[in-house]
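J.: Submitted below is the structure of interest, expressed as structure tokens.
The values are calculated or read from the model by the stated rules, or taken from the named source; none is laboratory data. If you're wondering where the values come from, they're calculated on a predicted model, not measured in any experiment. Reconstructed Cβ throughout: ideal geometry from the backbone, glycine too, with neighbour counts over all protein chains shown.
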Amino acid sequence: MGGGGGVAAATTVVESREWYLAAIAPENLPTSDHLKLRTVTVSLDYESIPDEQMALQLLLISVDPYLRSRITGRDNGIRDREGRVPGFTAWVGIKVIGNPDPGSNVFISAAAGGVGMFAGQLAKLKGCRVVGSTGSDEKNPAEREGLKNLLNIVGKEVKMEGFLCGSFLNRFGEFSQQMEKYMKEGKIKPKHKIDQGIESFFENFVSLFSSSNVGKVIIQVAS
């Protein structure tokens, strides 16, 4: 109530909705017993924000398979931003690990998914014949993104080699330059599924493992 000419700092309190891990799901996909939605109160008052932290409003959420490792409790600690970019994963697999010669046959599993969409187009740019598998006939329109000969079942002998994107971060700059050029020229066409509302996160996350989505899954939570 005193004077002194000072300006009182306004305190802003907002409500935020968030999904939280109520219980570890070590096997299979999580259910509503594992992931729950709640509303929390967040103070935006300067004094309430810890040092070296900031309050942000999220506009978009990327729904990625790597979240499964956190839910199972077997998180390997690799959560770098670059390692979760589907285009970078595809680029490492096709350009670095596989590096097929022009005219080679390249098989892409989950060809309608976020990584598969990019991998197939990158292989086509290398002059390869691309054959992709999808979970259903409904996903075959992915052909318009540059993939042909999409099959639901392909029986072939294949060589498999696993890799972690984090091991190739020294080449992320090279990847960025190439992909930017390809997109500007219309040679690479990304495809996204954009859903609305934080409430849709659970359904969209589960869809990553049920072959029901096409392309990269994104949720718009604010405008």
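J.: Among (1) touching a helix residue (DSSP H, G or I) at 6+ places or on another chain (Cβ under 8 Å); (2) at pLDDT below 90, where does Gln178 come up short?
T.: In the conditions (1) touching a helix residue (DSSP H, G or I) at 6+ places or on another chain (Cβ under 8 Å); (2) at pLDDT below 90, Gln178 misses (2) alone.
J.: Now a separate question. Please tell me if Val40 is modelled with pLDDT of 85 or more and farther than 23 Å from Gly197 by Cβ.
T.: Numbers: modelled with pLDDT of 85 or more: yes; farther than 23 Å from Gly197 by Cβ: no.
Here the answer is no, as Val40 does not meet what is asked.
J.: Restricting to the range 168-223, name every residue that is among the charged types (D, E, K, R) and over 22 Å from Pro30 (Cα atoms). Write out each step before concluding.
T.: Just the residues of the range 168-223 that are among the charged types (D, E, K, R), to begin with: 171, 174, 180-181, 184-185, 187, 189, 191, 193, 195, 199, 203, 216.
Passing the criteria: Arg171, Glu174, Glu180, Lys181, Lys184, Glu185, Lys187, Lys189, Lys191.
J.: Within the range 74-106, can you find the residues that are surrounded by 14 or more Cβ atoms within 10 Å (Cβ to Cβ), touching a strand residue (DSSP E or B) at 6+ places or on another chain (Cβ under 8 Å) and at pLDDT 85 or above?
T.: Ile94, Gly98, Pro100, Ser104, Val106
J.: So if I check each of Ile71, Ile61, Ile24, which one is β-branched (Val, Ile, Thr), assigned to a loop (DSSP other than H, G, I, E, B) and either at pLDDT 80 or above or farther than 23 Å from Ser210 by Cα (or both)? Please lay out each step first, then the result.
T.: Numbers: Ile71 fails: assigned to a loop (DSSP other than H, G, I, E, B); Ile61 fails: assigned to a loop (DSSP other than H, G, I, E, B).
Every option except Ile24 fails the conditions.
J.: Does Ile198 count as surrounded by 17 or more Cβ atoms within 10 Å (Cβ to Cβ) and more than 13 Å from Asp64 (Cα to Cα)? Walk me through how you get there before you give the answer.
T.: Details: surrounded by 17 or more Cβ atoms within 10 Å (Cβ to Cβ): yes; more than 13 Å from Asp64 (Cα to Cα): yes.
So Ile198 fits the description; yes.
J.: Taking the range 201-214 on its own, how many of its residues are touching a Gly at 6+ places or on another chain (Cβ under 9 Å) and under 21 Å from Ser69 (Cα atoms)?
T.: First, the residues of the range 201-214 that are touching a Gly at 6+ places or on another chain (Cβ under 9 Å): 208, 210-214.
If we keep only those that are under 21 Å from Ser69 (Cα atoms) too, we end up with 208, 210-213.
Summing the residues that are touching a Gly at 6+ places or on another chain (Cβ under 9 Å) and under 21 Å from Ser69 (Cα atoms) in the range 201-214 gives 5.
J.: From the list Leu150, Leu122, which one is surrounded by 18 or more Cβ atoms within 10 Å (Cβ to Cβ), more than 20 Å from Val96 (Cβ to Cβ) and either modelled with pLDDT of 80 or more or over 19 Å from the mean Cα position of the chain (by Cα) (or both)? Lay out the reasoning, then the answer.
T.: Working: Leu122 fails: more than 20 Å from Val96 (Cβ to Cβ).
It is Leu150.
J.: Of the residues that sit in the range 176-195 and are within 21 Å of Gly127 (Cβ to Cβ) and of a type in the set (S, T, N, Q), which one is surrounded by the fewest Cβ atoms within 10 Å (Cβ to Cβ)?
T.: Per the stated criteria, the residue is Gln177.
J.: Sort out which residues of the range 114-131 are of a type outside the set (Lys, Arg) and out of contact with any strand residue (DSSP E or B) (no Cβ under 7 Å at 6 or more places or on another chain), and write them in order of number. It would help to see each step written out before you state the result.
T.: Initial filter on the range 114-131 (of a type outside the set (Lys, Arg)): 114-123, 125, 127-128, 130-131.
Listed by number, the residues that qualify are Val115, Phe118, Gln121, Leu122, Leu125, Gly127.
J.: Tell me, please, whether a residue that is at pLDDT below 85 and either in contact with a strand residue (DSSP E or B) (Cβ under 8 Å, 6 or more places away or on another chain) or surrounded by fewer than 13 Cβ atoms within 10 Å (Cβ to Cβ) (or both) can be found in the range 27-35. Quick ask: steps written out before the conclusion?
T.: From the range 27-35, those at pLDDT below 85 are 27-29; that's our starting set.
If we keep only those that are either in contact with a strand residue (DSSP E or B) (Cβ under 8 Å, 6 or more places away or on another chain) or surrounded by fewer than 13 Cβ atoms within 10 Å (Cβ to Cβ) (or both) too, we end up with 27-28.
Yes, the conditions are met somewhere in the range 27-35.
J.: Among what's in the range 1-21 and is farther than 30 Å from Ser69 by Cβ and among the hydroxyl-bearing types (Ser, Thr, Tyr), pick the residue that is modelled with the lowest pLDDT.
T.: Taking the candidates together, the pick is Thr11.
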